[in-house]
Amino acid sequence: MANTSRINGFRPVKHLNGSPYNGQATLYAVSSSNGTAIFVGDLVKLAADANAQGIQQVVPATAGVAGTGAAAVGVVMGILPSKMDPVAGKMTTGSTALDTPQYLAASTAGYVLVADATDLILEVEATNGGSAYSFAVTDVGNTCNVYAGAGSTTTGTSAHSADLGDKGTTATLPLKVVGVVQRVDNEITGNYTKILVQINNHQYKGGTGTAGV
C-alpha cells in the first residue's frame, strides 16, 4: 500500500548507539524579534545571544543555500505557555488557553524545549521541497537539506521535512540520511517515505558536518 503524506516535522526516536530517546530536552528562549512562528517538530538553530535572564535563544532553522545548507542545534519538543516563567518558577497574571494548538507565534517572546543531543536519530518525511519525493535505498548515506515549511496555526503541526530535492555528499548539508523507518505503514521506496536522519552539521559538534556516502 502506498504511503500517505503526513508531514509533521522531526521526531527523535533514539540515539546513535541504539538507546531510545527518553524525552530529555533543554530550555531555550525565543526573542520577540523572531519573525517566524515556531512549532513542535521544527528544527531550530542557535541565535546570536541570550535573553535578559541569560537563557540561550534559538530561531527556526532555514534551508540555506542549495548544496550547502546551514547548521542546526535540535528539534522543538515543547512550547511553554505564554504565562509561564520557567526561570522564576511562577505563572504571570492572566490565564492560559489549554484547548488551543500550542505554538509560538511570530514576533512573540517565549520559551521552547529542544532535544539537542548531538547523536539523536530523527524520524521525518522525505520530500522534494515539501512536495512528493520518490525515495530510493540509494539515498541512504546521502546528506540533504531541510525544507522549513510554515506550520499550521490551526492544528499546531510542524511543516518541516527532509528536502531530498537537494541531496548529495556535501559535508555542510544539514541532514544525513541514516535509514528508513521500519514500520508496517511505511513503504521503503516511493513517495512520502518516513526516513531516519541525523543533524549532520550540529552546532554543538562544530557545525561543519561530515561528507555523505
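The values are calculated or read from the model by the stated rules, or taken from the named source; none is laboratory data. Keep in mind it's a predicted model, so treat the numbers as computed, not measured. No Cβ is skipped: glycine too gets one built from the backbone with ideal geometry, and neighbour counts run over all protein chains shown. Areas reflect the complete protein model, heavy atoms only, side chains present, ligands, DNA and RNA absent. Shrake-Rupley method; radii C 1.70, N 1.55, O 1.52, S 1.80 Å.
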> If you go through segment 1-52 one residue at a time, how many are among the acidic types (Asp, Glu) and either within 21 Å of residue 81 (Cα to Cα) or touching a residue at least 40 places away in the same chain (Cβ under 8 Å) (or both)?
Replying inline: 1
> Can you name every residue in segment 1-36 that is assigned to a loop (DSSP other than H, G, I, E, B), at pLDDT 95 or above and of a type in the set (A, V, I, L, M, F, W, C)?
Replying inline: 10, 25
>> Just to be sure I understand, how many residues within segment 134-163 are open to solvent by less than 30 Å² (accessible area, probe 1.4 Å) and over 22 Å from residue 39 (Cα atoms)?
In response: 5
>> Quick test for you: out of 122, 113, pick the one residue that is open to solvent by 50 Å² or more (accessible area, probe 1.4 Å) and not in a loop (DSSP other than H, G, I, E, B).
In response: 113
> at pLDDT 90 or above and not β-branched (Val, Ile, Thr), is that true of residue 78?
Replying inline: yes
> What residue, of 37, 48, is out of contact with any Leu (no Cβ under 6 Å at 6 or more places or on another chain) and either open to solvent by 40 Å² or more (accessible area, probe 1.4 Å) or within 23 Å of residue 119 (Cα to Cα) (or both)?
Replying inline: 48
>> Just the residues that are open to solvent by 30 Å² or more (accessible area, probe 1.4 Å) and either modelled with pLDDT of 95 or more or of a type in the set (Phe, Trp, Tyr) (or both), please, taken from segment 168-181.
In response: 176, 178
